[in-house]
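The values are calculated or read from the model by the stated rules, or taken from the named source; none is laboratory data. Because the structure is a prediction, the values reported are computed rather than measured. For neighbour counting, all protein chains shown are included, and Cβ atoms are generated from backbone atoms with ideal geometry for every residue, glycine included.
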Amino acid sequence: MGSRKRRNKLAAISGAGILGVVCAVSVTVGSAGAAPEENGNHCTTNVGNGEEKCFSTLEEAQQYANVRIKGNPGGAQTRVEKPTDVVIGTLFADYRYGGDSITLWGSRPCTSERETAFYFNLPDEWKGRVSSVQGWAECEVTLYTRSYLEGVSSPRFKDLTPELDAQWNDLAESIEFR
């Protein structure tokens, strides 16, 4: 019962703070680092329309996202067959892609011009919890200490980042994808 209440609250909060277009899962997580934990609350969120669905395992979330992407032969990281079929990033509560997760998906990959393609205000339950990040679809990730890309910004994370350094661990309130 507590888990259902938490999921419903997370879903309600997520929809309110989303601007842009973003979220899903199709890439096998853990290719860089230790295997992720398979317990907790793992959500997928479409930042364009706020659609969110949560699961008890990361594997279930990935399977759901893969169905949403519908057989993209190049993978969600490279080719777009239809709007809303690109995973742009995954955020994890623990180091090395462990703990709870939010996978964000949107309508297109990021561009080489590195202009802001998407941003995501973390739901209240996620503020100050991000410890590792994965940028997909050619997106670089920047963390901000306040909502709406305000406050102090991190350097851009251009690769999979299994461990945020102490300066950025558990501080993000919003995320920019370029």
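Worth pointing out:
- Residues within the range 45-61 that are touching a strand residue (DSSP E or B) at 6+ places or on another chain (Cβ under 8 Å), part of a helix (DSSP H, G or I) and at pLDDT below 90, tallied: 2
- Meeting the requirement of 3 or more residues that are under 21 Å from Thr45 (Cα atoms), the strands (runs of 3 or more DSSP E) wholly within the range 130-178 are 132-135, 141-146, 174-177.
- Residue check for Arg96: more than 13 Å from the chain's Cα centre (by Cα), at pLDDT 95 or above and surrounded by fewer than 19 Cβ atoms within 10 Å (Cβ to Cβ): yes
- Count - residues of the range 120-178 that are among the polar types (S, T, N, Q) and over 22 Å from Ser107 (Cβ atoms): 9
- Thr90 being modelled with pLDDT under 90 and touching a Gly at 6+ places or on another chain (Cβ under 9 Å): no
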